[in-house]
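Let me begin by presenting the structure, written as structure tokens, before commenting on it.
The values are calculated or read from the model by the stated rules, or taken from the named source; none is laboratory data. Note that the coordinates shown come from a computational prediction; the quantities given were computed from them, not determined experimentally. Here the Cβ positions follow ideal geometry from the backbone for every residue, glycine too, while neighbour counts run over all protein chains shown. Surface areas here come from the heavy atoms of the whole protein model, side chains and all, with no ligands, DNA or RNA. Shrake-Rupley method; radii C 1.70, N 1.55, O 1.52, S 1.80 Å.
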Amino acid sequence: LAEVAPAFDPCSLTVVIRMVVRNGRAALLVLVLPGVACWTASFVPGTRASSAACTGPAPRSRPAASSAPVPDSSREGEGLPLDPEEVAGPGGPAPDLGAHELVTLVMPTGVNTEVVAELLMELGALYVSIQDTYVDTPDEDPIVREVNPALAAFERGDWPPRFNYWSNCTVEAGFTVGWPVDDTLSVVEASVGAVLPRQPPRHVPSRDWVVEVQKSWPPIQVGKLHIRFPWHEGTKPPEAEAELVLEPGMAFGTGEHHTTRLCCEWLQSEVSAGDKGQARRGGEDAGPVVLDFGAGSGILALTALAFGAPRAVCVDTDREANRVAAWNAVVNGLADRVTVHTPEDWPPGDTYPVVVANILAPTLVELAPVLTAACAPGGRLAMSGVLARQAESVIAAYKGHFDFDPIVENADWVLLSATRRTVSS
């Protein structure tokens with residue numbers, strides 16, 4: 001260490017060694033940092049014993065170690081403790097784990113931004129972000145690259161990469177409340193040999209990100225259908241004839257997308273019009289009435305049931321989507337009128353008076369034999385997930401068996417609806 005940095009006492013240096021692996025190749029990144037204690041820790045596998053030692057002076061303001069008890073990892077099924085007293089220790093409130101201090105640094109010309117970011121992370125930052133200092137201004141320097149410059153630098157053997165993304169970069173770093181931010185930044189400045197202009201740290205309060213995401217999903221009105229999510233309270237508005245509660249999970253279909261809305265509105269009209277369509281004449285003993293192919297969250301099948309269809313069948317290749325669709329049927333009290341399948345376990349040979357498929361145009365073209373066979377003679381078919389410029393190619397795949405209605409368009413997306421001929425041409 002004395003040879004690497006002869007001006008410093010080796011006992012006051014920290015050496016950080018990080019292995020970087022890219023495309024099967026490995027490289028070592030070695031950082032020699034003055035003025036920070038070198039802490040070492042050892043852990044014995046299979047036990048809770050550990051030891052730590054300091055080989056140099058500790059930072060001047062390092063927060064005191066927590067007196068919280070170590071969670072008992074032997075309790076089966078538990079990771080982190082859930083009891084607030086166990087987290088904070090007896091007599092103390094649970095720490096605000098989400099709150100942090102945010103520091104903004106403006107990179108001087110010639111300072112390697114990537115090295116600064118790496119140093120900040122190694123010295124205790126919770127996260128680091130790099131952006132154009134002039135982002136969202138007329139002076140912003142847009143960068144579009146097909147190749148990741150950091151990966152390209154590594155493949156050239158240039159690591160850490162010696163470049164900046166923008167001619168003027170700003171680095172933001174978050175630190176735990178109480179962290180010795182000034183000492184940490186002094187170490188970074190000494191390591192890069194430059195003063196980093198910055199503003200005083202800004203306190204960022206804790207936020208419940210689940211609640212924040214939920215706020216971005218208000219209830220949705222689609223035609224005469226009111227769609228809400230489990231965290232919404234209240235009753236449906238007077239103009240709504242039916243209401244669904246959806247838990248979308250990872251499945252497509254919340255009522256927000258234009259194609260979902262087109263299909264929902266078509267189903268409301270098709271299923272509830274008392275004197276039209278076979279779906280209304282079936283009755284409980286007529287078998288499945290509506291086939292929702294590519295069901296996702298099950299929103300289309302549930303819409304059909306909410307507006308009068310006696311039964312519905314959901315088919316999707318995604319088992320997670322099928323789980324979500326089945327759960328949504330339970331939540332809405334419709335589980336006894338819905339069956340959920342993958343294409344592999346979908347009963348062969350069944351036909352349906354109403355078939356709806358909200359997928360993508362190429363897939364709809366590929367599925368033409370399947371959906372044609374599934375639609376009963378005289379039955380109705382509705383398809384979306386189709387852009388206006390793709391409509392003709394989809395119609396061409398089905399026109400030998402169907403008579404199409406006028407195209408309905410919504411923001412470049414279209415709904416294609418048709419009636420299955422009793423005799424194909």
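The table for this structure:
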item: Residues satisfying the stated conditions in the stretch 349-363, i.e. of a type in the set (S, T, N, Q) and assigned to a loop (DSSP other than H, G, I, E, B); result: Thr351
item: Test result for Ala326, touching a residue at least 12 places away in the same chain (Cβ under 8 Å) and crowded, with 19+ Cβ neighbours inside 10 Å; result: no
item: Subset of the stretch 180-190 (residues that are open to solvent by less than 50 Å² (accessible area, probe 1.4 Å) and not hydrophobic (A, V, I, L, M, F, W, C)); result: Pro180, Asp183, Thr184, Glu189
item: Count of the stretch 107-116 residues which are open to solvent by 10 Å² or more (accessible area, probe 1.4 Å) and in a helix (DSSP H, G or I); result: 2
item: Residues that are open to solvent by less than 30 Å² (accessible area, probe 1.4 Å) and in contact with a Leu (Cβ under 8 Å, 6 or more places away or on another chain), drawn from the stretch 224-245; result: Leu225, His226, Ile227, Phe229, Ala240, Ala242, Leu244
item: Some residue of the stretch 203-223 being free of Cβ contacts under 8 Å to residues at least 60 places away in the same chain, assigned to a loop (DSSP other than H, G, I, E, B), touching a strand residue (DSSP E or B) at 6+ places or on another chain (Cβ under 8 Å) and surrounded by 12 or more Cβ atoms within 10 Å (Cβ to Cβ); result: yes
item: Filtered residue count, the stretch 329-343, keeping only those that are farther than 18 Å from Leu367 by Cβ and open to solvent by 40 Å² or more (accessible area, probe 1.4 Å); result: 8
item: Lone unmet requirement of (1) β-branched (Val, Ile, Thr); (2) under 21 Å from His100 (Cβ atoms); (3) open to solvent by 70 Å² or more (accessible area, probe 1.4 Å); (4) without any contact (Cβ under 8 Å) to a residue 24 or more places away in the chain for Val177; result: (4)
item: Identity of the residue in the stretch 344-392, more than 35 Å from the chain's Cα centre (by Cα) and at positive phi, that ends up most open to solvent (accessible area, probe 1.4 Å); result: Gly349
item: Subset of the stretch 117-159 that is among the polar types (S, T, N, Q) and open to solvent by 60 Å² or more (accessible area, probe 1.4 Å) - its residue that is modelled with the highest pLDDT; result: Gln131
item: Residue in the stretch 81-97 that is under 30 Å from Cys169 (Cβ atoms) and either modelled with pLDDT under 85 or in contact with a Ser or Thr (Cβ under 7 Å, 6 or more places away or on another chain) (or both) present; result: yes
item: Residues being open to solvent by 10 Å² or more (accessible area, probe 1.4 Å) and touching a strand residue (DSSP E or B) at 6+ places or on another chain (Cβ under 8 Å) - total across the stretch 291-315; result: 5
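Here is a yes/no grid of residues against (1) closer than 19 Å to Met383 by Cα; (2) at pLDDT below 95:
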residue: Val289; (1), (2): yes, yes
residue: Leu300; (1), (2): yes, no
residue: Gly308; (1), (2): no, yes
residue: Cys314; (1), (2): yes, no
residue: Val331; (1), (2): no, yes
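So that you can scan it fast, the table gives a plain yes or no per residue for (1) assigned to a helix (DSSP H, G or I); (2) under 29 Å from Lys224 (Cβ atoms):
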position	(1), (2)
Asp292	no, yes
Thr317	no, no
Asp336	yes, yes
Thr339	no, yes
Glu344	no, no
Pro347	no, no
Val365	yes, no
Gly378	no, yes
